[in-house]
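A short worksheet on the structure shown next.
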C-alpha cells in the first residue's frame, strides 16, 4: 500500500512518561490497556477514539505514549489518573511532550538500583532493599505475588 | 510558600515516609507540604507543616477536639465536612482553618450561607485530587460536580481554596502541572489553581494590619 504524502498524514505528539515505582517491569500492552482505561473513563469513547492513544515504547522505567496533535494535554491528564498497571500499583509521571520520539529518547535517563541489594526485617516481614539515586530506598516484601512495597530514604532506614 | 500540597499522610498511615514524600514533592514542583499527624521540619528544601484532621459528628465534638494538644500544635487544622448544619457551624470555629472531604458530602451540604461565613472568617475549603485520580464512574462524576459547585460558590463569595493530593503513598502524589490539568476538568483556571496552591501560606501567615509595638 502506498503511504500517504506527508501533508495528508495526521500530526502526532509523543508523551514521555516515567513509570513508578522504580523497577516496575511493565509490559507495553499492559501499559497501553491502563492508559486507555484511564482515558476512556475520564473523557469517554468518542474523545479517546479521536485522540488515538498508543504506547509506542516501554522500557527501562519509561514509556512513550503517542496521540494526535491537539489532544496531548487531555492525554497527559488521563495519564495522571493511572493507578495500576496489570493489577500492580503504579503511577505515570509525564516528563516531556514532543513531536518526535527521537527528541524524547534524549530525555530518558535510566534509573537503575545500586548493585548492593540487601534484606531488612520489619516486624514479622522480610523486605528486599533497593537503593536508588537521591538516597531513595524502596523496600519490596519478599514473596511471589502482590508484595507490599514501602518507600523510604536512606536516613529513614538508618533510623530503624 | 508558593505551591503547597495541603495534605499528605506519611508512614505509618501510608507506605511512604515523610522524607520520601517530601523528596517526591520537591521533584513534582512543590515547595511545601502539610503532613497530617507528623512533625513539621525541613526535608530536601521542602517545608513540612504539621496538619491535624478533626473527624467529628457534632460541633460540640469539634470544640472538644480543638483543645487537644495534637490539634493545638498543628499549623493547619482540618475538619471533615458533614451535613449542612454542621458545616455552617464549623466554619465559625476560630481554630478551624480548612474544611475537607467536601466531595463525600451531600449536594448542598456546603451552601451559600456556609460559603459567606467561610469567606468572612478566612476558612478555606480543601479540594482533594484523590477522588479524581482514584475513583471511576459515577463516584468520580459526583466528586467533579461537587468541586464545580464549590468553585462557583468560591467565585461568588471569595473564600479560600486549598488543593491536596491526599496521598498515602508517593505513588498518589501528582505534579503541579498534573494538578492544573485535573482541576481544569471541573472548570478551574490556571490562575485559580495557582491561588489555591499558595493559600496554605496565607492561612498559616495571614495578612494582618500593622501593629505598633512599644
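The values are calculated or read from the model by the stated rules, or taken from the named source; none is laboratory data. Please read all numbers here as calculations on a predicted model, not as lab measurements. A quick note on method: Cβ atoms are made from the backbone with ideal geometry, for glycine too, and the neighbour counts reach across all protein chains shown.
Taken across the range A:103-116, residues that are under 25 Å from residue B:133 (Cβ atoms), within 14 Å of another protein chain (Cβ to nearest Cβ) and surrounded by 19 or more Cβ atoms within 10 Å (Cβ to Cβ) do not occur at all. Of B:51, B:37, B:14, all but one fail to be within 21 Å of residue A:138 (Cα to Cα) and either more than 14 Å from chain A (Cβ to nearest Cβ) or out of contact with any helix residue (DSSP H, G or I) (no Cβ under 6 Å at 6 or more places or on another chain) (or both); the exception is B:14. Of the residues B:86, B:110, the single one that is within 17 Å of the chain's Cα centre (by Cα) and in contact (Cβ under 8 Å) with a residue 12 or more places away in the chain is B:110. Residues that are under 20 Å from residue A:29 (Cα atoms) and away from every other protein chain (no Cβ under 11 Å) were ranked within the range A:86-102; the one that is modelled with the highest pLDDT is A:101. For the range B:15-30, filtering for residues that are buried (at least 18 other Cβ atoms within 10 Å of the Cβ) and in contact with a strand residue (DSSP E or B) (Cβ under 7 Å, 6 or more places away or on another chain) leaves 11. Take residue B:117 and tell me if it is touching a residue at least 60 places away in the same chain (Cβ under 8 Å) and either surrounded by 22 or more Cβ atoms within 10 Å (Cβ to Cβ) or more than 14 Å from every other protein chain (Cβ to nearest Cβ) (or both). The answer is no for residue B:117. Checked against (1) within 14 Å of chain A (Cβ to nearest Cβ); (2) over 22 Å from residue B:25 (Cα atoms); (3) assigned to a helix (DSSP H, G or I); (4) in contact with a helix residue (DSSP H, G or I) (Cβ under 6 Å, 6 or more places away or on another chain), residue B:180 passes all but condition (2).
Residue A:86 satisfies every condition listed in (1) closer than 26 Å to residue B:131 by Cα; (2) surrounded by 15 or more Cβ atoms within 10 Å (Cβ to Cβ); (3) assigned by TED's automatic domain parsing to the domain that holds residue A:39; (4) within 17 Å of the chain's Cα centre (by Cα) except (2).
Any residue at all in the range A:16-28 that's away from every other protein chain (no Cβ under 14 Å) and in contact with a strand residue (DSSP E or B) (Cβ under 9 Å, 6 or more places away or on another chain)? Yes.
Residue count for the range B:154-165 satisfying the condition of being surrounded by 22 or more Cβ atoms within 10 Å (Cβ to Cβ) and not in a helix (DSSP H, G or I): 6. If you go through the range A:6-17 and pick out every residue that is more than 10 Å from residue A:62 (Cα to Cα) and in contact (Cβ under 8 Å) with a residue 12 or more places away in the chain, you end up with 6.
Before we move on, is residue B:127 touching a helix residue (DSSP H, G or I) at 6+ places or on another chain (Cβ under 9 Å), more than 14 Å from every other protein chain (Cβ to nearest Cβ), within 14 Å of residue B:98 (Cβ to Cβ) and not in a helix (DSSP H, G or I)? Yes: the conditions hold for residue B:127. Is at least one residue of the range B:120-127 under 25 Å from residue B:17 (Cα atoms), modelled with pLDDT of 95 or more, under 18 Å from the mean Cα position of the chain (by Cα) and surrounded by 15 or more Cβ atoms within 10 Å (Cβ to Cβ)? Yes. Give the residue, chosen from A:151, A:122, that is within 13 Å of chain B (Cβ to nearest Cβ) and modelled with pLDDT under 90. When all the criteria are applied, what remains is A:122. Being closer than 19 Å to residue B:171 by Cα, outside any loop (DSSP other than H, G, I, E, B), within 10 Å of chain B (Cβ to nearest Cβ) and at pLDDT below 90: is that true of residue A:138 here? So residue A:138 does not fit the description; no.
Per-residue answers, yes or no, for (1) closer than 26 Å to residue A:152 by Cα; (2) without any contact (Cβ under 8 Å) to a residue 60 or more places away in the chain; (3) crowded, with 19+ Cβ neighbours inside 10 Å; (4) not assigned by TED's automatic domain parsing to the domain that holds residue A:153:
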| position | (1), (2), (3), (4) |
| --- | --- |
| A:1 | no, yes, no, yes |
| A:4 | no, yes, no, yes |
| A:19 | yes, no, yes, yes |
| A:29 | no, yes, no, yes |
| A:42 | no, yes, yes, yes |
| A:49 | no, yes, no, yes |
| A:57 | no, yes, no, yes |
| A:65 | no, yes, yes, yes |
| A:72 | no, yes, yes, yes |
